[in-house]
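The values are calculated or read from the model by the stated rules, or taken from the named source; none is laboratory data. Predicted, not measured: the structure shown is a model, and the values here were computed from it. No Cβ is skipped: glycine too gets one built from the backbone with ideal geometry, and neighbour counts run over all protein chains shown. Protein only, heavy atoms only, side chains kept; ligands, DNA and RNA dropped before computing areas. Shrake-Rupley method; radii C 1.70, N 1.55, O 1.52, S 1.80 Å.
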Amino acid sequence: MAQGRERDEGPHSAGGSSLSVSEVVAFSDRKLKPVIYIYSFPGLTRRTKLKGNVLLDYTLLSFSYCGTYLASYSSLPEFELALWLVKLPLEDGSFFNETDVVFPQSLPKDLIYGPVLPLSAIAGLVGEEAETFRPKDDLYPLLHPTMHCWTPTSDLYIGCEEGHLLVINGDTLKVTVLNKIEEESPLDRRNFISPVTLVYQKEGVLASGIDGFVYSFIIKDGSYMIEDFLEIERPVEHMMFSPNYTMLLIQTDKGSVYIYTFGEKPILNKVLDACDGNFQAIDFITPGTQHFMTLTHSGEVCVWWLEDCACVSKIYLNTPATVLACCPSSSSAAVGTDSGSVYFINVYNEESPQVIHTVFLSESSVQHVVYDQRGIFLLVGTSEGKVFVINANSSSSFQIIGFTEVAKDIVQISTVSLLETDIVEVMVLSSLPEAGRSRLEMFTMPTLLSQVSTTFTDERGRLKDELIHKYLFELEHTLSSAVLDFESKQIYGFCSQVPYICSYLLPKEEHIGIYILKPYQKVQSRQYGPGILYLSSHGLLLITIAKCGILCIRDIYTLETFARCRSHSHQGHGIQSMRISMDGQNILVNGRDDGTLVYLKWKRFGGHLANDILYYYQKLLIFLSSTIDKENVYLSRTPKVTIDLASNSEYTKEKASTDSSQNELVLTDVKKEIPWIQRKSQEAIKKEVNLFSKKRKEIKKGIKALSKTILNMMEENDKLENIAKLDQQEFGLDLEALERLQDESQEEVAKMKKDVEMHNLAKSYLAELIKEECWNSMAVKGRALKCFHIPCVVENFPMKARTAEELKELERVLQQKKIEAECLKLRKEIVEAQSGVTLVKKRHEEDDEEEEEEDKKVQYSNLPNYLLGSLSTDFGVDTSFLSSQLELHSREEKINQIILLKDIIYKVKTAFNNEFDAAYKQKEFEIARVKERNVRIREIILDLELEEAVWQPEFEDCEKPERTLVVQDEEITANKHVKPWHKAKTELITNHETEHWLLIQGTTTRLRALMDMMGGVLEVKKEDILRMVIPQPAFMAKPDAVWTEEERKQFKDYEKKVKELNEERDKYRKSLEAELKKLQNSIQESTQAFDEHLKRLFERRVKAEMVTNQEELKINNLAFSLLLDEELSSREKFLNNYLTRKQQEKSQTSEAVRKSREDLDVYKEHHDNLLAEDKVMDRSFKKEFAEIPSHQVDILYKLFKRRPRIPKQKMHSDTIRVVPFGERPGSGKLNKDAFAQLMKAMDELDSISNMPEGLDPLVWNHFCMTRRAKVENEQKVKQKAAGLLEMAAFLRKRVEEDEKVQQEIERVFHELILLQDEKVRFQLNLTIQILLKQGQVELENFQLVLEYADAILINKNIIEDLNSVIRTQGQKKIASMMESKDVHKRIFQIEWEHKKMEMEREDLNQKAWDIQMLFFSRDRQKFLNEPNYEALISIQIGIMEQTIAVLDKTHKKNVENCKKLLKKLGKFSNQKDIANYTLSCNLREELIAVSERKDICNAMGSKLTCEKIAEERYENMMQQQRLTNISKQQAEQISVLQAEVERLRMKTFPALVQM
């Protein structure tokens, strides 16, 4: 499990190198030894971080599908592929209710679709990963442990980042979450969220948080309560108890160490006081012989003793600080901050430094603070490239003189202020990274600059370059550091790209512009990495530091190194800064990343160089003494500034309780302060506004008049001809700005064009992908058909072409089905031939084909639609190869059925698409025919001058979808962009065509005559009758009275022609109207007929879709059954693998139990032997002291039973309460201590003062040794008994583990049996699809079964056949019952006769039994059967007498042998008694000698070797005596056993009893 996190803390680099997104986001930072961070998405809250062994970078990160695993791939040098197990907690820190993954008990039961299996079986896992598998949806996070501590009972307390406290049982590994008891009044302004460390104490733990408090967790019965224990000024990171638990060692986050001593009055002592972070800057307090100062980034300023490097005092600025410098002319120091301010600190009293002044220069951070050698000026460099000059004297209130602008990236500021001169030379080094160069800017300031500052600066505070003599120099390479020598003739620089130190000569003459400096002298630095140069205060030593951590001191003239020291390691990125005292004796070196400060001092320092340095130091000190005294007097009277600072004793108690960075709060002023440079700028602007207000008004008026004049000129220009017009650009006053704006607009247009082109390219690519996927890959394109008059739409089935693999698989299945059909046919023929029911006759090939067709028809009849499960036969699809739904048991059959069903779906869709294509062609024909008729209809409407609209049907986009892929010109709303040359070409072509047409339309008399006489046509058509007009005669303009006869005749002819023309017009109009109506009716009928056809096609489409859905439903059911079959197989494989692992574990546990029992038996045997020896020693006590009187023996026996009283060690009650890790009872150390105390008490009992009166001292010594041996043996017996109990408990635990494994095995066997039953039941319980007739069925009595869990589905024909068989069998049974009725009469007669014969048989048997039961003994039988019975009796008596005589003789011999053996044993025992008495006398003498020698040795104070020899002899004698006693006991046992053998042997002889 990935563990550990800190909330709201991001990665430690600018950007991540790899990214992977899921429900959580994983990314790594780009640095040395990168870390993978995991955040939740989209909340972006930190979840965990993963630390690996990668050195440089991760290139790829990817989550698994389930989200449980994270894969990472690293770059060089490892190229390592790692797999992380990632478990994350819930957002609210709650716990997931885990279930048993291997044997889930709460799975739902599905009676329709089969058994519900565990998720691991569904995923197809069969190995060990199945035991811990979690899908993506069930991904649940856990807690983030941050610290732990052990208990005396081997339990583990774990504190989590979410604030929970867990306890883990060391034996069972069971995790328990302790409940927190909330108090009625919670702790004010504090919230214990994330504990940092834990230490165990009795009845609970001590924990520290991020708020600087130490809490006491009182744990009792699965819950805990939090109490305040101790308050520390900083957050606590580590705690540790002393071995006796009387002291608590506490370490804070910044490194300070405290010791808390328990007792009636607890004491908290500070052992070590550490600074708040790494040192940012260092410097000596003038003159640099007693104190120095340090600065951290958080704003902590410390004053240290130089002699022992002890901290004298501290002051906290509560703002991020950057640089520090101490003034040579006073006891003050300047501190630069990130906010752009400079704090001036009074260190006149080193034990209580104070901030006496603060200046806010600018809003950019302060990067450099430098005093000149005489302490006249303070130079402050900011990040925006400004160098401020401040009066260094505190008596002038640190007056800001002015500033000068330099390059932005200031690298170093160097000054030269000699005693003999009245100027201060300043050199500023800046880098030009774009050009790969470095820039040097030098300027000179007079020492009286503070008095004439207004002359040297302008109104904005900027120093005038001409007055400070500012010069610019550039170098063709980059420098990391540069200093100016005291003679101001040359510059020393440290190259950043190459390891060289170069000197550059300055030009003697003045120059204007930038002067390029060339290297004058080059010396190898022999240091790697960019370095920094420092010049000592006397200008004779050049000190170089670099990234390698080596400090080199060089001669200023030769640049040769005469002293070097490795003060820091290159792994900590070397040295950051250094300072040297005025006298050159002391050097401070500050590390960059290692957090160390090194104080260096010369071992040997003499010669001319030392004399020169000392002389200059004394001279400088004399020169500065008056200034120092004057400024120190002023500093001693200056009060401190009232800002929110904290001293060493009063540290601010405001802390961020929830901020993981644990930084102090930065106080912000309510009123925003304005920087000095901005304030000066505002003042200058006000003065300029007041001074030039009149001139500004005049300039504005002039600009307005000028703009008005130009506008008038532009208006006049627009009215001129094209030749005389001026371009718009010529009216621009600033042509350069206009050209620049045009260039920028062209660049912007080009950029926009490129963006549009890329956007269009992306859209085109996406369109091609969509077209390829949804259009080009379709064998049948998707389209629709609409009716002409009704809102009905019919769509076809879009279809892709079947692949070669699918066709090959289908061909295989069809071939297999044909083979199976042929095999089934042959089997039927063979069975019929063997049974002889039918005869097989040979027919011709045509008859065989007819039989095959009939068989197919029979097969169709055997599988009706309701059992087939679909209506696919309505589309003419052959379903003869489909298997019955009741026969799909095997996996191969289901797969083949799925392939055949897919083929049926394809054929159904193909059949409907063919019908759809025919209808589509019909609509095309209808539209073409309507178009053809509309031509005539438009002509008729035009002739009749009607205002009717002609209905013209067209294909819509859904009917012709290919039109969507082509963009027409009329669809584009934007104006088309025409290039100028193309536009000119088009105009030229248009003009040429116009001229050609005019030439053709020239004046021709023939064309004009035709137009005037016949309207431009040579023949009058019938359609022109309606437009024909008879011209009126010219005389009709005159009145009727003046007409002549000829004119009247002409008028009658005119009326007649008009009448005839009108009649012709009426006839033609009526014919046209009839024709129009006929055409419209024909169009209406044909389109309506098509609509009816399309409606039928729509019904067909619905049916085809229904068939497709039916077949797809069957495919889904079969696919689900296959999937479930795979899940069952996976589950079975997993259970078998799990069983194998458990059996191996069972063999291991059985072996452990066997070995533990053997060890227990051996140990028990040793214990029994010791116990037996103890009893033997107790019983043989009186035998050993049998020579002394009995009353003394009794006294000694009482003393022998007496044991000394051992006083129990009394510990202090507080110590017992505090120390949890004491020695447990029965431990080896306690046993040794107890045995030593017992032996010490036994020495007291063995003293002569406890000896009874009248007892021989030799006997007393022997008694003491015997009692001591007895006590030692008892102690061994106790230890063995305790060990025996532990081994029995260990064996009991092993037996429980073995039983648990056995239960697991039995559980697996049970699960396998259930799974096999489920598998068989699933294979038999098939899911079939039945077609039911749609409609409503009404029942009178609603008595239907609603649950069909135990029902089966069978065919109706089976029931009918079974009923017919039942009827036939019933009729046969009735006939047999009539036959049996007649037989019963005869049976009754036979039974009566049978009973009679039975009674007779019983009488005969009784008589035979009586004869057999008559009494007749063996003696009587022998007497009757033996002819010479008396001779036989006499022979038996003789044999018995001989046997008795032999037994008596043998018995006498054995008795004599036993007597002889007893005599020999008696003699041997007498000899042994004599030998034992002799040995006892010798033993008494030897004991006396031994005791005398022991007394002599004790008096002499040394232990001789002869004593060891005597002890060995004594042990041998005691062993010999013990063996003698054992031999006596064995001899007694042998005699008893011999007597028992003799008695048993006597029992074997026969006892002769007289008859």
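Number of residues in the stretch 240-291 that are touching a Pro at 6+ places or on another chain (Cβ under 6 Å) and surrounded by fewer than 20 Cβ atoms within 10 Å (Cβ to Cβ): the value is 1.
Yes/no per residue for (1) open to solvent by 100 Å² or more (accessible area, probe 1.4 Å); (2) out of contact with any Ser or Thr (no Cβ under 8 Å at 6 or more places or on another chain); (3) within 30 Å of E1542 (Cβ to Cβ):
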| site | (1), (2), (3) |
| --- | --- |
| T1368 | no, yes, no |
| Q1371 | yes, yes, no |
| W1392 | yes, yes, no |
| M1399 | yes, yes, no |
| V1455 | no, yes, yes |
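Each residue in the stretch 475-501 was checked for being under 13 Å from K518 (Cβ atoms) and either over 54 Å from the mean Cα position of the chain (by Cα) or aliphatic (A, V, I, L, M) (or both), and 3 pass. The sole residue among Y215, Y200 that is at negative phi and modelled with pLDDT of 85 or more is Y215. Among the residues of the stretch 123-152, those identified as in a loop (DSSP other than H, G, I, E, B), modelled with pLDDT of 80 or more and of a type in the set (V, I, T) are V126, T151. Can you name every residue in the stretch 1086-1124 that is of a type in the set (V, I, T) and under 52 Å from the mean Cα position of the chain (by Cα)? Listed by number, the residues that qualify are V1102, V1107, T1108, I1115. Looking at this structure, is V950 outside any helix (DSSP H, G or I), of a type outside the set (S, T, N, Q), over 58 Å from the mean Cα position of the chain (by Cα) and modelled with pLDDT of 85 or more? Criteria met by V950.
Screening F925 against (1) in contact (Cβ under 8 Å) with a residue 12 or more places away in the chain; (2) surrounded by 12 or more Cβ atoms within 10 Å (Cβ to Cβ) leaves a single unmet condition, (1).
Scanning the stretch 1103-1114 for residues being in contact with a Leu (Cβ under 9 Å, 6 or more places away or on another chain) and buried (at least 18 other Cβ atoms within 10 Å of the Cβ) gives a total of 4. I'd like to know if the stretch 1457-1478 contains one or more residues that are open to solvent by 90 Å² or more (accessible area, probe 1.4 Å) and touching a residue at least 24 places away in the same chain (Cβ under 8 Å). Yes. Of all the listed residues (I710, I685), the sole one being among the β-branched types (V, I, T) and closer than 30 Å to L463 by Cα is I685.
Taking the stretch 347-424 and the strands (runs of 3 or more DSSP E) fully enclosed by it, the elements with 2 or more residues that are in contact with a helix residue (DSSP H, G or I) (Cβ under 7 Å, 6 or more places away or on another chain) and of a type outside the set (G, A, S) are at 354-360, 400-405. Counting only residues that are open to solvent by 40 Å² or more (accessible area, probe 1.4 Å) and within 21 Å of V426 (Cα to Cα), the stretch 494-506 holds 1 of them.
The numbered conditions (1) within 30 Å of P118 (Cβ to Cβ); (2) in contact (Cβ under 8 Å) with a residue 60 or more places away in the chain are all true for T1140 except (2). Look through L540, L535 and report the one residue that is touching a helix residue (DSSP H, G or I) at 6+ places or on another chain (Cβ under 8 Å), open to solvent by 10 Å² or more (accessible area, probe 1.4 Å) and within 20 Å of L600 (Cα to Cα). Going through L540, L535 in turn, just one is touching a helix residue (DSSP H, G or I) at 6+ places or on another chain (Cβ under 8 Å), open to solvent by 10 Å² or more (accessible area, probe 1.4 Å) and within 20 Å of L600 (Cα to Cα): L540.
On the basis of being among the β-branched types (V, I, T) and surrounded by 22 or more Cβ atoms within 10 Å (Cβ to Cβ), does I356 make the cut? The answer is no for I356. The residue of the stretch 415-455 that is farthest from I376 (Cα to Cα), among those that are in contact with a Gly (Cβ under 9 Å, 6 or more places away or on another chain) and crowded, with 19+ Cβ neighbours inside 10 Å, is S438. Looking only at residues in the stretch 39-66 that are open to solvent by less than 60 Å² (accessible area, probe 1.4 Å) and in contact with a Leu (Cβ under 7 Å, 6 or more places away or on another chain), the one that is modelled with the lowest pLDDT is C66.
Taking each residue of the stretch 520-542 that is farther than 16 Å from A563 by Cβ and of a type in the set (A, V, I, L, M) and looking for partners that are part of a loop (DSSP other than H, G, I, E, B) and open to solvent by less than 30 Å² (accessible area, probe 1.4 Å) with beta-carbon atoms closer than 9 Å, six or more apart or interchain, yields I532/A546. Before we move on, is A207 surrounded by 20 or more Cβ atoms within 10 Å (Cβ to Cβ), under 27 Å from G572 (Cα atoms) and either without any contact (Cβ under 8 Å) to a residue 60 or more places away in the chain or not β-branched (V, I, T) (or both)? Here the answer is no, as A207 does not meet what is asked. For beta carbons closer than 6 Å, sequence separation of 6+ or different chains, a first residue in the stretch 1049-1072 that is free of Cβ contacts under 8 Å to residues at least 40 places away in the same chain and a second that is assigned to a helix (DSSP H, G or I), the qualifying pairs are E1064/I1025.
If you filter the stretch 456-478 down to residues that are open to solvent by less than 60 Å² (accessible area, probe 1.4 Å) and among the charged types (D, E, K, R), you find that the one that is nearest to F377 (Cα to Cα) is K470. Comparison of V1271, V1320 shows that the only residue that is among the β-branched types (V, I, T), surrounded by 14 or more Cβ atoms within 10 Å (Cβ to Cβ) and part of a helix (DSSP H, G or I) is V1271. Residues in the stretch 1425-1464 that are touching a helix residue (DSSP H, G or I) at 6+ places or on another chain (Cβ under 8 Å) and among the acidic types (D, E): E1426 only.
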